[in-house]
1. Heads up, I need the accessible area for V291: 1.4 angstrom probe, whole protein in place, Å², nearest 10.
2. Among C368, C363, what's the order by accessible area (1.4 angstrom probe), most exposed first?
3. Taking amide H positions as placed in the peptide plane 1.01 Å from N, state which residues far from L188 in sequence (5 or more) or on other chains have amide H under 5 Å from it.
4. Given Cα positions, please report Rg to Rh for the range 75-162, the hydrodynamic radius being the Kirkwood one.
5. Got a number for the accessible area of R119? Probe 1.4 Å, square angstrom, nearest 10.
6. For I99, I260, give me the order by solvent-accessible area with a 1.4 Å probe, most accessible first, ignoring ligands, DNA and RNA.
7. Which order do you get for W154, W286, W136 if you rank them by accessible area with a 1.4 Å probe, largest at the top?
8. Given the protein chains as shown and a 1.4 Å probe, how many square angstrom of E132 are accessible, to the nearest 10?
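The values are calculated or read from the model by the stated rules, or taken from the named source; none is laboratory data. Given the structure is predicted, the values throughout are model-derived calculations rather than measurements. Heavy atoms of the whole protein, side chains included, go into the accessibility calculation; ligands, DNA and RNA do not. Shrake-Rupley method; radii C 1.70, N 1.55, O 1.52, S 1.80 Å.
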Amino acid sequence: MGKCATIGVGLTDLLFITAIAVCGGVFNHMRGSGGGTLPADAFSKTCDASVPNYECGGYWVSHIYTRLLFAVPTGALIQLLTRNPKLSLLCTFAMFISIFIGWGSYFGMGVDNNGFNSRSGFMDWILGRELEGFEWSRRWIRDFAGMGVRGLLWTLPSGYMLTWNGYHWGFAASGAMMPAIYSLANYLKNEWTADNWEPLTCTNPPFSQDWAMEKGIPMAEFLFGFWLWFCLAVGLMRRTPDTAAIKAVCTVPHKSIEFISLFFLLIFLASVGYYASVTQDDKANWGQTLVGLIGASLVLLVAMGFAFFKRRLFNAEHGGAVPAHEDEEPLLVNHSAVGDYEFEEEQEPDSPVLKYVEYSLACLSVICIIMTIVFMFTAMGWNWNTPRYCTKQDAPLCPDW
């Protein structure tokens with residue numbers, strides 16, 4: 001295939017990846033804003049109306065339902081592009097469990113002047129609580145760090161498994177863009193669609209009708225879903241299932257992604273210990289975040305443990321040799337069998353378009369990871385003397401009471 005034809009194929013791939021990513025944005029907007037989906041009321045109304053605020057099993061059913069709205073289509077996309085059922089199911093579960101974590105304490109991204117009244121956030125043990133009178137820069141740095149960790153909780157567990165199965169690490173790091181996207185959404189056009197637009201195919205009840213793409217959180221949900229699916233599709237389409245399978249056996253991820261995964265795993269585990277000690281009257285919300293924290297942390301821990309033993313097994317089978325990193329030549333030579341696959345002399349040329357797009361996306365994610373780490377320690381020092389839990393003195397309207 002000639003160079004021009006290869007570029008043409010890459011541009012065509014990019015066009016369809018963009019269309020796929022729009023679907024990811026819609027699914028995440030549905031998950032977060034309930035637009036066009038069964039709202040929580042559709043479940044809570046099945047409970048005893050005499051129960052205050054309908055607090056019953058409907059809470060968990062509705063939250064499981066909304067998380068599945070994004071996790072299952074994401075797993076379906078992975079299955080379609082990898083043809084690996086085990087990997088797809090594991091990534092679906094990892095995505096599903098990690099979405100349970102609440103992040104309402106941080107998504108104001110500096111613009112919420114009443115953030116000091118928010119409930120305890122899962123990263124308050126290191127970031128400290130926001131106090132009344134914090135200037136915009138201090139609020140934004142704290143929120144950026146909290147949202148950066150939240151985004152990585154979303155993508156590191158599933159992204160790490162994809163990396164160890166021969167795909168690029170870009171999706172694992174892509175969650176770090178969450179604070180940048182939520183910040184951007186605060187400064188976009190005020191409203192992108194008509195408020196309370198009602199599709200002719202739906203009636204209310206039981207479907208929610210509010211599809212307004214307002215600036216702030218609703219638009220950020222769409223943009224973040226778009227970003228995740230765009231990064232995921234680019235990373236998966238650059239490698240066929242065959243080449244990924246060979247790469248998974250012959251190479252290991254670069255040490256940088258191993259270090260980042262280990263560093264944030266320790267942060268996740270510390271957050272589990274802190275959040276378990278939080279006292280909150282809304283036990284359902286508290287339990288939801290704790291379940292997500294524990295689940296996402298355990299998935300990443302198990303994945304890293306499995307990868308460690310897989311590497312040791314490879315070393316034992318190859319006389320102590322270490323697999324090459326993904327940017328190096330594999331140890332195995334051409335025509336040596338790897339499971340059901342073989343290296344071929346003539347390999348399909350890589351698309352330069354997708355290659356450069358993938359590198360660009362990864363660079364943006366790495367920049368946000370660096371900013372998250374720097375801002376995390378900046379907030380820790382800046383807020384060293386602030387409370388780590390809600391207090392009646394500092395947060396009189398905190399819903400933790």
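1. 70
2. Correct descending sequence by accessible area is C363, C368.
3. G216
4. Ratio of gyration radius to Kirkwood radius for the range 75-162: 1.15.
5. 60
6. I260, I99
7. The ordering from most to least exposed comes out as W136, W286, W154.
8. For E132, the solvent-accessible surface is approximately 140 Å².
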